[in-house]
Structures are given as C-alpha cells and as structure tokens.
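Everything on this sheet refers to the single structure shown next.
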Amino acid sequence: MFKIETTAEKDFRNIPSPCRYCLYWQTSDEYDQKRLKPENETEKQEWVRKVIAEFGPSIQTSYLDGEPIGFVQYAPARFFPRTKEYVSEQPSEDAVFIACLYIVKKEARGNGFGSKMLEQLLADLRKRGYKTVETFARKSSAENPSGPLRLYVKHDFKVKNEEDDFPLVRLEL
Ligand SMILES: CC(C)(COP(=O)(O)OP(=O)(O)OC[C@H]1O[C@@H](n2cnc3c(N)ncnc32)[C@H](O)[C@@H]1OP(=O)(O)O)[C@@H](O)C(=O)NCCC(=O)NCCS
C-alpha cells in the first residue's frame, strides 16, 4: 500500500536517507557528495524545526508497504539559500518553492508515485491558501532534486525562463 504523510518534527526519523541528512538546499557554499553525511542529521532537524515554526509543514514522506520511499521538501525560497546559485531566474518571494521531489527507492520509480506526491502537495498547498508554486525543473534529465521538466509540464507548470537546463517553472494554484 502506498501512502503519503506530512512529516511533523517528531516524525523526523521517518524521512528516508539520504534526505534526512542532506543539506544541499540549506547551504550555499561548495557542495559535493562528501558533505552528504549522517552527522548532518542534527543540523537538518534544526532547519526542519525552524521552518515548521515559521512557515508550517514543509516535508512530506511517502511509504510503500510501510517503508519510507519518497520525500518532498518545500517552503518559500528564502529558506533554501542554494536557490541563489541557479541562473534561470530567482523564485518569487510569494511562491512556495519545491526544493526536492524524490523517490529514493530506485525500483519504485516509474509507477506514478512521484506524480501522486506532487498532486497531494499541490492540493495541500491550495488548502493552506497559497497561490503559486515554483521549482527549478531539469530539461535534459530526471536527475535533479525536484525531477524532470516533463513531470511539471504535465501538471500545468509554465516555464518562466527557457535559457538554462534548470528553468524556473511556476504554477498558479
Ligand atoms: C523524478 C521522480 C520523482 C518521478 O517520480 P516517479 O514516481 O518515478 O514518476 P511517475 O511514475 O509519477 O512519472 C510521472 C512523469 O514524470 C516524468 N518522468 C519520470 N521519470 C522520468 C525520467 N526518467 N525522464 C524523464 N521524465 C520522467 C514523466 O513525464 C512521467 O510521466 P509519463 O511517463 O507519463 O510521461 C523519480 O523518478 C525520481 O526520484 N527520480 C530520481 C531523480 C534523481 O536522481 N534525483 C536526484 C535527487 S537529489
């Protein structure tokens, strides 16, 4: 059975690895795989606490037969300093920015779970009264924190800037 849950701070440990200790979006200095260490978990949990206090729920975890397999992380772009490095166009201050949409378990990909996570997130944000959602999608490949452009175009996101491989895309809810 597949299910999606909004992750409260007390459920932090349910977030699948490596997302539970990845600080890619939370930092803006040079980043490589060496930085992806379980020791970062406390720092990530601190970030989650702060964002939940200031913005509200910002992570959803999905489970397949009880095993955490998917992760989506979202909040206004000011919580994600890494966005400054993207050249296409900066996210809008009024938008909710999807930093990651990831099915960590490879064998579970291509079964519609990523789409379900995106659709559930958009429905939740609509209920919370947000009007716009943005992300940097990727044109050339699905290997991107929030996934491929095709996924977002299928969900009616519009490309705001064509120039880069990571265009900013936007959906009016
Ligand atoms: C991208 C991702 C979230 C999509 O979730 P999913 O459950 O596999 O996708 P779905 O089955 O819901 O497919 C939805 C749509 O996404 C797009 N898509 C999915 N995988 C794709 C791929 N490999 N290449 C291009 N588009 C793809 C397609 O448009 C697809 O719909 P279609 O097949 O009808 O055209 C998931 O495949 C994933 O996490 N991939 C790894 C990406 C990665 O390496 N991220 C780095 C993380 S830091």
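So, Leu122, is that one near the ligand (Cβ under 10 Å from one of its atoms) and in contact (Cβ under 8 Å) with a residue 12 or more places away in the chain or not? Walk me through how you get there before you give the answer.
Details: near the ligand (Cβ under 10 Å from one of its atoms): no; in contact (Cβ under 8 Å) with a residue 12 or more places away in the chain: yes.
When the stated conditions are applied, Leu122 does not pass them.
For segment 156-170, does any single residue satisfy the condition of being more than 15 Å from the ligand (Cβ to nearest atom), closer than 21 Å to Tyr31 by Cα and exposed (fewer than 15 other Cβ atoms within 10 Å of the Cβ)?
Scanning segment 156-170 turns up at least one residue that is more than 15 Å from the ligand (Cβ to nearest atom), closer than 21 Å to Tyr31 by Cα and exposed (fewer than 15 other Cβ atoms within 10 Å of the Cβ).
Kindly provide the set of residues from segment 102-113 that are surrounded by 15 or more Cβ atoms within 10 Å (Cβ to Cβ) and either part of a helix (DSSP H, G or I) or away from the ligand (no atom under 13 Å from the Cβ) (or both), ordered by number.
Of everything in segment 102-113, those that are surrounded by 15 or more Cβ atoms within 10 Å (Cβ to Cβ) and either part of a helix (DSSP H, G or I) or away from the ligand (no atom under 13 Å from the Cβ) (or both) turn out to be Ala108, Phe113.
Which residue pairs have Cβ atoms closer than 6 Å, lie 6 or more positions apart in sequence or on different chains, and pair a first residue in segment 22-40 that is outside any loop (DSSP other than H, G, I, E, B) and loosely packed, with under 13 Cβ neighbours inside 10 Å with a second residue that is of a type outside the set (Val, Ile, Thr) and at pLDDT 90 or above?
Final answer for the pair search is Pro38/Tyr21.
Quick one: how many residues across segment 57-101 are surrounded by fewer than 21 Cβ atoms within 10 Å (Cβ to Cβ), closer than 19 Å to Lys3 by Cβ and either among the aromatic types (Phe, Trp, Tyr) or modelled with pLDDT under 95 (or both)?
Counting residues in segment 57-101 that are surrounded by fewer than 21 Cβ atoms within 10 Å (Cβ to Cβ), closer than 19 Å to Lys3 by Cβ and either among the aromatic types (Phe, Trp, Tyr) or modelled with pLDDT under 95 (or both) gives 1.
Would it be correct to say that Asp165 is over 18 Å from Phe71 (Cα atoms) and of a type in the set (Asp, Glu)? Let's see the steps before the verdict.
On the way: over 18 Å from Phe71 (Cα atoms): yes; of a type in the set (Asp, Glu): yes.
Judged against the criteria, Asp165 is a match.
How many residues does segment 125-138 hold that are more than 10 Å from the ligand (Cβ to nearest atom) and surrounded by fewer than 24 Cβ atoms within 10 Å (Cβ to Cβ)?
Within segment 125-138, residues that are more than 10 Å from the ligand (Cβ to nearest atom) and surrounded by fewer than 24 Cβ atoms within 10 Å (Cβ to Cβ) number 8.
The values are calculated or read from the model by the stated rules, or taken from the named source; none is laboratory data. No experiment lies behind these values; they were computed from the predicted model shown. Ideal geometry is used to build each Cβ from the backbone, glycine not excepted, and the neighbour counts take in all protein chains shown.
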